[in-house]
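Structure first, then comments.
The values are calculated or read from the model by the stated rules, or taken from the named source; none is laboratory data. What you see is a predicted model, and the numbers here were worked out from it, not measured in a lab. Cβ: placed from backbone, ideal geometry, glycine included. Neighbour counts: every protein chain shown.
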Amino acid sequence: MIAAWYDRQGAPAEVLRVGELPASEPGPGEVRVRLAVSGPNPGDMKKRHGWLGSAMAFPRIIPHSDGAGVIEAAGPGVDPGRVGERVWVYGAQSYRPFGTAAQSTVVPSALAVGLPDGVSDELGACLGIPGITAHRAVFADGPVAGQTLLVHGVLGSVSSLAAQLARWAGATVIGTVRTDAETGSVHDGAADHVVSLESDPAAAIRRLAPHGVDRVIEVALSANADLDAAVVRNGAVVAAYASTADRPELPFWPMLFANVTIRLLGSDDFPQEAKDAAGRDLTAAAAASALSVPVAETVPLARIAAAHELIESGAAAGRVLVAIP
């Protein structure tokens, strides 16, 4: 099969290679997926660079955890009727060496989720890490119907999906963007209200949610902690999946008196039942046309280094995908 890989960490053009590798056979409980699209995420870039001093987890790595394609082989213990099923894949390179930047990948059967007719491979390839993180952020503390959620960074991959899932589930969503100029960039399905962090956001959010927001989906815990403390209701949850500072400072007493729960989210290590629930809900929402992910560019596998460079530049206005030959 044709695949991309790296044997050492470093810059994309220096370490990524594309060539022929043998395809793996599925073992017990596994399936092999013939991939059409691979969905790289920022976490894939961090692994390749050795973020926070992390070493190579395996001698050779085929990157990317997410993708979409068709099951072409089923291992022992898997229903052979799954062969030929369209699926989206997550976790292919989470604690495993060979991800989706290849013509095929082998994953446990549960990590290949049925992709309904009418849902594109491109959208399927965008659901994995961002979608499962978004789902956990929204639903880990129970249903959200009738609640008001504050979703920071609503133009980002995770937060955009979180906002759309919350609205699909019956919540009112207030989304934030960094600048006044970005308010017009949020598509109608992503949020009920959009607030710029440039223009007295606490007052704007309080006007929209006078009694405070029920939950906060947080992409920058250290930067937004004071704002979050100013707009939550008593008993609210702040679900954070990222922080601009490694050791964030929190307004302890305001959060304490508001009885705030802080939930930290690391998607690779969510309980499998949470991932299964996310897979069901993401698929149902996608089938109902409730999810939209803008794709900035689709790059052929032969140019995977360019795709990584574009993601790392932060210049892409949407997801960057890799097309598999």
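No other residue among 48, 17 is in the same structural domain as residue 311 (by TED's automatic domain parsing), surrounded by 22 or more Cβ atoms within 10 Å (Cβ to Cβ), of a type in the set (D, E, K, R) and touching a strand residue (DSSP E or B) at 6+ places or on another chain (Cβ under 7 Å) apart from 48.
Comparison of 148, 176 shows that the only residue that is in contact with a Lys or Arg (Cβ under 9 Å, 6 or more places away or on another chain), over 26 Å from residue 105 (Cβ atoms), β-branched (Val, Ile, Thr) and at pLDDT 95 or above is 148.
Counting the residues of segment 127-157 that are crowded, with 21+ Cβ neighbours inside 10 Å and under 15 Å from residue 275 (Cα atoms) gives 12. Restricted to segment 157-231, the set of helices (runs of 4 or more DSSP H) holding at least 2 residues that are among the charged types (D, E, K, R) comprises 201-208, 221-231. The residues of segment 232-255 that are of a type outside the set (Val, Ile, Thr), crowded, with 16+ Cβ neighbours inside 10 Å and not in a loop (DSSP other than H, G, I, E, B), listed by number, are 233, 236, 239, 240, 255. Annotation note: of 119, 70, 87, 78, the sole residue that is touching a residue at least 40 places away in the same chain (Cβ under 8 Å), β-branched (Val, Ile, Thr) and either within 30 Å of residue 247 (Cβ to Cβ) or not in a loop (DSSP other than H, G, I, E, B) (or both) is 87.
The single residue among 120, 65, 94 that is within 21 Å of residue 278 (Cβ to Cβ), surrounded by 15 or more Cβ atoms within 10 Å (Cβ to Cβ), out of contact with any Lys or Arg (no Cβ under 7 Å at 6 or more places or on another chain) and modelled with pLDDT under 95 turns out to be 94.
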